[in-house]
Amino acid sequence: MSHPGAEQSAILPLPHALALSSGRRFGVPRSLIDAARVRQAVGDWRGACAAAGYGVRIDFDSIHRRYGAATAGTIRTDLRHLVPDLLRWHLPRYAHGAGRLRAGAMIPLADYGDGRLTLAALTPQWALDAGERVVLTVLPTVGWDRTGDPLSAGLRLGRVRRQRLVAPRFQWDARVAHELPVPPGADSLVTRLQDLGDAEAAWGAAGIPLALPRLCPERGHRRLASAPVHLAGLASRASHACPGADRVALHLGGGWTIVLSTAPPVSAQLVEAAEAGGIPVLPDAVWSRPIDADLIRLGYLATGDLHPLVADALGCPPAGSATSAEPDRIAVRCGTSVHWLVRSDGRIRPLDHSTAELDRERALALLGGPVCGCLATITRLFSDPDLVSDVDLHLQHGQVALAAAAVARRLGSETRLDAIVLPGNRQAHAVLAQLHEALHRYSRTLVGIPPFDDRCPASPRPSLARRRRHRKGDPARHHQVIR
Ligand SMILES: [Zn+2]
């Protein structure tokens, strides 16, 4: 799939699929896509990046001086075709929780100046803490991580070769976004075999004989079964991405790798990752099925929720603007009568009770008395689990305005975001304060001041031990890949 680093499988386990689809819908909301598109349409790539939540650190004067006008010009041309919201859509996410971006990733997008410079997107933790921000920069290709550049703080460079989007540019370049490889549908024999976890048969059906180690352990079989390999046209995509190489390595994670021989007759071999050293790494985006195709096929994502360029590439109908308007009047069963609540002047008001009456009802409720239907409904609207969950997801993705809009839409424009209590009894105002602080650190770091060491993350992830315990308890373990 086109999603390096995400946990995926032939059959996506429910929590992981939900996290990935949440990451797409909440991490890249339609308003962000629209705002970035408006800027991009007038050639304002910096504006598009800002709208899509990117911080840009590119020193064109220095590039011009050291690498020449032609190189600087090529970079500018590429940036005008960069679709930052599309790249954000595809960036690696944690496949648990809210589908937030994976911290510490470095995604090379293009090389310049005879391979001496690289355009890259970075997701250091200090940028993610400030509302899931991404850093776009141009760096020396070799040795940059040893220069002490504050941008490199907290990056994990072990996966860079797997995450490269240099040869396949369809995840970020408007000119080739339609080249996203479309996998066969649910009725294809290969897909059905993969869904059943019968990888050897699936590879065979795709015309690529796959050899396994003679004594392949169970974990090797499991890793192979859950790898979302896009088998149709694999060898030709591999040859295009790694020209001149007659063997390439598909790293499945968990210590397992498939070595694909692209010279005819095409064949493949499952080996332990250590045996594939020195073989060119095929980027995940080249060999994986686009996760969106699987999410749609398995019903975890609606076609209307897709990024428009992804929907185009997958041949899905264009999305209508499906904004769900909240009703103005709500009928409530109150005692033996039907009462009405109305949204007016940015508030929810009961039509059939005075403020004094409702205050009396509240006092009675505190004493353990019965609550009238109108007050019960107002209380429920304020603690609506759907609303709380939406607000929580927006805030986890750093989208304060969207969280406030969700509250205003449901509870009236005078209701402040602070009134919401998030899951785990967290107060929205505390989360906002942490975001504000993180944003300050982010701005400092982007201009070259090293991040503080004493920071506390805006929304701490569970400890590694806890996550492992959680995974162990997951009955879908068979079908999950943790790379
Ligand atoms: Zn009533």
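The values are calculated or read from the model by the stated rules, or taken from the named source; none is laboratory data. If you're wondering where the values come from, they're calculated on a predicted model, not measured in any experiment. All Cβ positions, even for glycine, are placed from backbone atoms using ideal geometry, and neighbour counts span all protein chains on display. These accessible areas exclude ligands, DNA and RNA; they are computed on the full protein's heavy atoms, side chains included. Shrake-Rupley method; radii C 1.70, N 1.55, O 1.52, S 1.80 Å.
Could you pull out the residue among Leu364, Leu314, Leu341, Leu358 that is more than 16 Å from the ligand (Cβ to nearest atom) and modelled with pLDDT of 80 or more?
On inspection, the qualifying residue turns out to be Leu314.
Restricting the range 344-355 to residues that are in contact (Cβ under 8 Å) with a residue 60 or more places away in the chain and either open to solvent by less than 40 Å² (accessible area, probe 1.4 Å) or of a type in the set (Lys, Arg) (or both), which is farthest from the ligand (Cβ to nearest atom)?
Gly346
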* To do: Considering every residue within the range 120-142, establish whether at least one is outside any strand (DSSP E or B), more than 27 Å from Glu437 (Cα to Cα) and open to solvent by 20 Å² or more (accessible area, probe 1.4 Å).
  => yes
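Condition check ((1) assigned to a loop (DSSP other than H, G, I, E, B); (2) in contact with a Pro (Cβ under 9 Å, 6 or more places away or on another chain)) across all residues:
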residue	(1), (2)
Thr257	no, no
Gln269	no, yes
Gly278	yes, no
Ala293	no, yes
Ile296	no, no
Gly304	no, yes
Val310	no, yes
* To do: Would you please list the contacts, defined by Cβ atoms under 7 Å and residues six or more apart or on different chains, that run from a residue in the range 107-132 that is over 19 Å from Asp149 (Cα atoms) to a residue that is of a type in the set (Asp, Glu)?
  => Ala110/Asp78
* Structure fact -> Okay, helices (runs of 4 or more DSSP H) sitting entirely in the range 6-118 with 1 or more residues that are over 21 Å from Ser443 (Cα atoms) and at pLDDT below 90, I get 14-27
